[in-house]
Amino acid sequence: MCGNIDRADDLVQETLLRALTYIDSFKPGTNMAAWLITILRNQYRDEYRKRRREVEDADGHYAGTLKSQPEQAGRVEFEEFRAALAKLPAEQREALIMVCASGLSYDDAAAVSGCVAGTVKSRVNRARTRLADLLAIESVEDFGPDRATRAVFAGDAQAAQHRFA
């Protein structure tokens with residue numbers, strides 16, 4: 001059934017353990033071999049379904065790539081962004097949301113606002129600059145996790161240790 005003698009031995013052992021656990025469900029006078037084969041077949045199918053979802057990773061290489069950043073920093077940064085966004089003048093905030101968040105073109109945003117596209121471009125630019133100042137963003141490196149967290153995810157323990165020292 002499994003094509004592997006070791007796997008077959010494990011399957012028989014699991015079948016016998018399950019049979020002993022549920023011996024009360026066996027009805028005397030019925031065919032015990034058929035009952036055991038039913039348990040074995042169900043055990044095999046359960047394990048087969050489970051193995052289909054598993055990824056073989058003997059050396060741990062695949063597992064090493066599965067890293068996720070903690071969510072706490074993202075939540076804090078989002079709250080900081082919301083507070084900074086609230087500090088923008090209403091027309092800048094509106095232009096920024098229409099163009100950057102809603103995906104409207106400058107012309108469409110201008111039509112909604114009742115002004116020309118150049119005014120919307122100017123408002124979006126001023127809003128972006130002001131947000132960057134409020135959030136202390138100086139470069140692309142300021143986005144995402146901090147340097148220590150990036151070093152940990154990159155596997156650079158020395159850089160992370162230096163950062164925390």
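Summary table below
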item	result
Ranked order, VAL76, VAL124 - accessible area, probe 1.4 Å, largest first	VAL76, VAL124
Separation in nanometres of the label points that stand 7 Å from Cα toward Cβ, at ALA34 and ALA132	7.9
Dipole of the stretch 16-130 [Lys/Arg +1, Asp/Glu -1 at C-beta], most positive-end residue of TRP35, ALA86, LEU16	TRP35
Peptides ranked, highest mean first, by Cβ atoms within 10 Å: ranges 83-89, 116-122, 4-10	116-122, 83-89, 4-10
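The values are calculated or read from the model by the stated rules, or taken from the named source; none is laboratory data. Every value quoted in this text rests on a predicted model; they were computed, and no experiment measured them. Note that each Cβ is placed from the backbone with ideal geometry, even for glycine, and that neighbours are counted across all protein chains shown. Ligands, DNA and RNA are excluded from the accessible area calculation, which covers all protein heavy atoms including side chains. Shrake-Rupley method; radii C 1.70, N 1.55, O 1.52, S 1.80 Å.
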